[in-house]
1. Sort Glu105, Glu62 by Cβ crowding within 10 Å, fewest neighbours at the top.
2. Applying the Karplus parametrisation 6.51 cos²θ - 1.76 cosθ + 1.60 with θ = phi - 60° to the phi angles of segment 4-12, what ³J(HN,Hα) value in whole Hz is obtained for each residue in order, glycine and proline being reported as x?
3. Pairs on different chains or at least eight residues apart, Cα atoms closer than 14 Å: how many lysine pairs in the chain fit?
4. Where is the GNM fluctuation largest for the chain (alpha-carbon springs, 10 angstrom cutoff): Tyr140, Tyr59, Tyr33?
5. Compute the angle between helix 33-64 and the longest alpha-carbon principal axis of the chain, please, reported from 0 to 90 degrees and rounded to the nearest 10.
6. Which shape class applies to the chain: rounded if a/c is under 1.5, otherwise prolate when a/b exceeds b/c and oblate if not, where a ≥ b ≥ c are the square roots of the Cα gyration tensor eigenvalues?
7. Name the residue, out of Asn93, Asn101, Asn110, whose mean-square fluctuation peaks in a Gaussian network model built on the chain with Cα pairs under 10 Å.
8. Calculate one ³J(HN,Hα) per residue across segment 125-142 by plugging θ = phi - 60° into the Karplus curve 6.51 cos²θ - 1.76 cosθ + 1.60, and present them in order as whole Hz with x for glycine and proline.
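Every read-out reported here was derived from the displayed coordinates using simple, explicitly stated rules and does not represent laboratory data. Keep in mind the model is a prediction, meaning the values are calculated, not measured. All Cβ positions, glycine included, derive from the backbone under ideal geometry; neighbour counts span all protein chains shown.
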Amino acid sequence: LVCLRQLDMKVLVAYSSVVHMAMMLMGLLTLSYWGLWGGMMMMIGLGLCSSAMFVLVNYLYERSKSRNLMINKGMIYMLPSFSLFFFMFCVANMSAPPTLNLLSELMIINVLLNWSMNILLVLILSMYLSATYSLYLFSYCIHGKFNNFLMKIYINNFL
């Protein structure tokens with residue numbers, strides 16, 4: 001719930017990765033074949049997705065000199081191709097199909113539910129909040145009222 005009050009984009013991406021790392025660790029600690037395989041797949045998927053999210057947030061920082069969500073609004077008007085990439089990686093971060101994160105999460109959830117059914121509520125809540133963080137980040141950065149002081153044109157916007 002701390003993430004939903006967070007205004008720093010970089011911290012929000014880091015906090016949302018913690019949920020995936022916790023699930024990956026739970027899968028690895030079961031010491032089953034599917035748990036280890038799912039944990040390894042989640043490490044790869046999370047490494048690719050989180051690093052891409054950090055690169056995209058850094059691009060917004062270089063553009064506006066701020067990581068605040070309230071300043072970096074309405075980027076779909078100025079950077080439509082960036083918005084597409086940001087959407088794709090936000091979807092991958094919330095483990096939507098057809099990403100590697102979804103497959104690994106399903107494997108880990110299967111193993112954890114075979115281990116104990118008492119963990120079901122925690123798993124559902126963590127998956128829901130993880131998706132909420134990604135939607136929160138996407139909706140605040142890409143949609144909203146565009147700040148006019150960000151209208152400067154840089155050559156790297158066209159590359």
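1. Working: Glu105 24, Glu62 10.
In order of increasing Cβ crowding within 10 Å: Glu62, Glu105.
2. 6, 9, 7, 10, 8, 5, 5, 5, 5
3. Details: Lys10/Lys65; Lys65/Lys73; Lys65/Lys152; Lys73/Lys145.
So the count of such lysine pairs works out to 4.
4. Tyr33
5. Approximately 10 degrees, to the nearest ten.
6. On the way: a/c = 2.96, a/b = 2.23, b/c = 1.33.
Prolate, since a/c reaches 1.5 and a/b exceeds b/c.
7. Taking springs between Cα atoms under 10 Å, the residue moving most is Asn110.
8. Ordered by residue, 3J(HN,Hα) equals 5, 5, 5, 5, 5, 5, 5, 5, 4, 5, 5, 4, 4, 5, 5, 6, 7, 8 Hz.
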